[in-house]
Amino acid sequence: MVGLVTKNQLIDLLSFPSRLIEEELDDLTDDCPHELRFAGEDKKCLACDLEDECRWLSRNDDFSPLKLRTIPELVDALDTAITYVRGDVVAWGHESGCACQVCEWLKKAQRVYDAIDLNHFQTDHAELALKH
């Protein structure tokens with residue numbers, strides 16, 4: 001993969017895992033006083049089994065100001081999302097050739113992530129170079 005990845009493309013990639021995590025955690029909102037929105041000042045949030053998911057979701061959902069985030073922050077969020085989704089895919093027993101929506105997103109996101117030249121971030125730009 002050669003070219004550029006824009007900030008908007010990274011934000012678009014993050015929308016799928018955000019929806020996936022919300023759907024997976026939706027049944028648990030009755031037990032959460034913050035409706036799955038991480039509250040760092042609440043000791044219950046810090047001790048919750050879903051802390052990582054809620055923290056990620058709070059920072060990367062459609063309502064957060066993703067356009068204000070730096071490219072390195074968005075790439076870090078993409079890395080975390082890939083790890084989370086890969087965990088689901090493994091837990092569900094999907095094979096490498098699976099063409100479901102989740103597996104297809106994972107393949108696309110991994111290709112983009114692998115192509116990002118992590119050594120040449122230009123944090124003041126709205127795009128970043130991919131490896132040649």
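The values are calculated or read from the model by the stated rules, or taken from the named source; none is laboratory data. The structure presented is a predicted model; accordingly, all values stated were derived computationally and were not measured. Note: ideal-geometry Cβ built from the backbone for every residue, glycine included; neighbour counts use all protein chains shown. With ligands, DNA and RNA removed, areas are computed over all heavy atoms of the protein, side chains included. Shrake-Rupley method; radii C 1.70, N 1.55, O 1.52, S 1.80 Å.
Of note:
- For the stretch 1-57, a residue qualifies if it is among the basic types (Lys, Arg) and modelled with pLDDT of 80 or more, and the qualifying residues are Lys7, Arg19, Lys43, Lys44, Arg55.
- Within the stretch 8-62, the set of residues being within 12 Å of the chain's Cα centre (by Cα) and of a type in the set (A, V, I, L, M, F, W, C) comprises Leu10, Ile11, Leu13, Leu14, Phe16, Leu20, Ile21, Cys54, Trp56, Leu57.
- Test: Glu95 is of a type in the set (D, E, K, R), in contact with a Ser or Thr (Cβ under 6 Å, 6 or more places away or on another chain) and outside any helix (DSSP H, G or I): no
- Counted residues, the stretch 1-36 - those being without any contact (Cβ under 8 Å) to a residue 40 or more places away in the chain, open to solvent by 80 Å² or more (accessible area, probe 1.4 Å) and in a loop (DSSP other than H, G, I, E, B): 2
- Whichever residue in the stretch 38-58 is among the charged types (D, E, K, R) and open to solvent by less than 80 Å² (accessible area, probe 1.4 Å) and, among such residues, is nearest to Trp105 (Cα to Cα): Glu53
- Subset of the stretch 78-132 (residues that are more than 18 Å from Ile11 (Cα to Cα) and at pLDDT below 65): Asn119, His120, Lys131, His132
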